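Every number here is computed from the coordinates shown, using simple stated rules; none is lab data. All values reported here derive from a predicted model rather than from experimental measurement. Note that we place each Cβ from the backbone using ideal geometry, even for glycine, and neighbour counts take in every protein chain shown.
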Amino acid sequence: MRTIVRIDEKHWETPSTVTLRFRYPPAARPGQFVMLWLPGDDEIPMSLSYPSDELKGVTVKAMGDTSRRLLDLEPGIQVGIRGPYGNSFDLSPRRLLVIAGGSGGATLAPAAESLRQKGGSVTVALGATTAKELLFRERFSALADGGLEIATDDGTMGHRGYVTDVAARLLSERTFDALWTCGPEVMMVKLTRLAEKSRVPIYCSVEREMKCAISMCDACAFGPFHVCSDGPVFEGSALHKIPDFGAFKRDPSGRRVRA
């Protein structure tokens with residue numbers, strides 16, 4: 001059932017990304033998502049970038065028409081929320097490598113914080129197109145006791161190139177119990193191969209078109225799975241069996257198109 005909530009806080013994280021905070025009591029686990037409805041517009045899935053407190057939050061990047069409209073919202077405006085939905089990250093690894101690309105940090109930051117609270121050690125590689133678009137850099141820096149490494153496509157901060165380059169080096173230099181990642185699927189495909197080569201279990205938070213969030217509409221059909229209920233967190237070995245992973249997606253009308 002959808003709950004109407006008022007936006008209490010708005011924070012600009014990057015020039016294209018904002019965090020919206022609202023009071024929503026239902027408990028949520030790291031990695032789960034909610035469906036956010038802008039009255040008069042579409043309902044879209046949003047990872048909870050702040051899942052633990054009563055004052056929860058979603059972090060929105062301008063991607064489509066609805067997300068761009070969400071960036072214009074101000075405190076006091078009401079939106080609809082339902083959920084949380086989906087599975088979550090397993091917090092048992094003791095030595096964790098986090099690879100966050102683009103807006104993927106919105107999912108990974110709270111999950112990594114939860115693992116640190118349980119005594120695990122976290123190393124982070126954070127990637128973006130340019131330094132101004134690095135999401136939650138200070139937040140990751142505060143939690144990453146194993147260090148934070150940066151990669152930007154244009155070289156404005158850290159390694160010039162892809163964050164997967166940094167991941168490859170870290171996997172060759174250190175030992176990890178698990179790798180968590182979220183970001184563009186082409187990035188996650190490469191990471192699953194690197195992790196398999198290094199014999200490190202990898203868990204990917206997959207983003208797909210969603211409408212119902214309860215496995216009824218097939219909008220998020222993903223091989224034999226529904227991302228809304230079987231995911232969004234998938235183990236790498238399962239993803240290797242899905243031909244669509246990194247190659248095809250579904251558009252809002254349900255057509256299978258090139259990713």
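The distance between label points at residue 235 and residue 118 comes to 1.5 nm (points 7 Å beyond Cα on the Cα→Cβ vector). Fully extending the segment from residue 94 to residue 157 would add 19.8 nm, taking 0.36 nm per residue of separation and subtracting the current Cα-Cα distance.
Here residue 10 is the anchor, and the lysines within straight C-alpha reach of less than 28 Å, apart from those fewer than 8 places off in the same chain, are 56, 61, 132, 211. Put simply, the amide H of residue 77, placed in the peptide plane, has neighbours under 5 Å in 7, leaving out anything fewer than 5 places away on its chain.
Excluding same-chain neighbours fewer than eight residues apart, the lysines reachable from residue 241 by a Cα-Cα span under 19 Å are 190, 197, 249. Restricting the trypsin sites (Lys or Arg not before Pro) of the range 76-119 to loop positions (DSSP other than H, G, I, E, B) with no more than 15 neighbouring Cβ atoms within 10 Å leaves 94, 118. About its Cα centre, the dipole of the range 3-85 is roughly 180 debye, where the only charges are +1 on Lys and Arg Cβ and -1 on Asp and Glu Cβ. Computed over the chain, the per-residue total of -39500 (n - 2.57) for DSSP H runs of n ≥ 4 gives a 222 nm mean residue ellipticity of -6500 deg cm²/dmol, rounded to 500. Charge dipole of the range 95-258 (Cα centre as origin; +1 on each Lys and Arg Cβ, -1 on each Asp and Glu Cβ, all else neutral): 220 debye, rounded to the nearest 20.
Taking Cβ atoms as reference points and 12 Å as the exclusive limit, the residues near residue 80 contribute a net charge of 0, counting Lys and Arg as +1 and Asp and Glu as -1.
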